Amino acid sequence: MSKKILAVLFAPIFALALSGCDKLSNKKTEENKDKINVVVSIYPLKEFTEAVGGDKVKVTSLVPEGVEPHDFEPKPKDMEILTKSHLFVINGLGMEEWLDKVYETVSSNKDINMINTSKGADIISLKDNDLQDDKDDHGEDEHEELEYDPHIWLSLKEAKVQSKNIKDALIAIDGENKDYYENNYNVFSGKLDDLYKEYKAKFEGVGNKNFVTGHWAFGYLCRDFNLTQKGISGLKAEGEPTPQKMKSLVEYAKANNIKVIFNEKLASPKVSETLAKEVGARVEKIYTVESHEDNKGYLEMMKENLEKIYTSLK
Ligand SMILES: [Zn+2]
């Protein structure tokens, strides 16, 4: 069958499909009319906002799925998305390195409220952290750029702080639905507490507290459960390790009886495999939750992370 005939045959169906879409999108706009338009910088904030905001919010993440957030650059269409928002939610702590590029747009528009969800969090400073001793792991440049560890959403405790900040911002915009947001927040933070308690008890029972992962994203998770991470690449998932770094990773893995090398989708998977082979460990996937993966939600990804780390330490 020629392409022309195909086109003729499918034209009416296509037109029908289009008009169907049209109706659907009209309906959607209708449904979304009264919703608070929230733009978040990174994926976990989308989940926190949806958990607290429920059906009263429409949430868009600026960093698209599958993009390593440390590498993101805002485009003109992102500015457009931002100018239509009522609330702009950021992680803070240097996670949005591109913030100065959109700040003008956001701050000059009185209709957009901006909140930094790290406000009130118990922040890990990179200056007085033991990571500092291991200069090779980060490189001096990173220390100049990042003053704090930005990965707070990977702590179930700090995720509560972030969600609370989002809740307060939504109430400030939409006070009429205060009880609704309060109730949603209580339900979500209860789930965070339950998961925390479950693994606090589990991790107290294991002797080995050390694990190897893709990049240094798990500092807050480690603090919650008294664990120690060793990242293959730096705080921003950049670069491959030098031969010396690789050698020290091998020594570390052997000395700490590391059975699993954790691997992230967006950071150095090949290196994880090489290292695992070298020390007789297996590779397993871990979620930094910096992006939406495998159709799993925040709590699901966190539970899987904790269970896998726990199993690797048993
Ligand atoms: Zn990261």
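The values are calculated or read from the model by the stated rules, or taken from the named source; none is laboratory data. Bear in mind that the values here come from a model prediction, so they are computed numbers and not experimental data. So basically every Cβ, Gly included, is an ideal-geometry build from the backbone, and we count neighbours across all protein chains shown. Note: accessible area is taken over every heavy atom of the protein model, side chains too, but ligands, DNA and RNA are not part of it. Shrake-Rupley method; radii C 1.70, N 1.55, O 1.52, S 1.80 Å.
A cut-off of 5 Å between modelled amide H atoms, ignoring neighbours fewer than 5 places along the same chain, links HIS292 with GLY66.
Summed over the residues of segment 199-313 and divided among them, the accessible surface reaches 40 Å² per residue at a probe radius of 1.4 Å. Heavy-atom surface analysis with a 1.4 Å probe gives segment 32-194 a carbon and sulfur content of 45 percent of its accessible area. Mean projected area of the Cα convex hull of segment 143-199, taken over all directions, amounts to 5.1 nm². Placing pseudo-labels 7 Å out from each Cα toward the beta carbon at SER108 and ASP71 gives an inter-label distance of 3.1 nm. With the contact rule set at Cα under 8 Å and sequence spacing of 6 or more, what percent relative contact order holds for segment 199-313? After rounding, I find 27 percent. The distance from the alpha carbon centre of segment 236-298 to that of segment 186-222 is 18 Å, rounded to a whole number.
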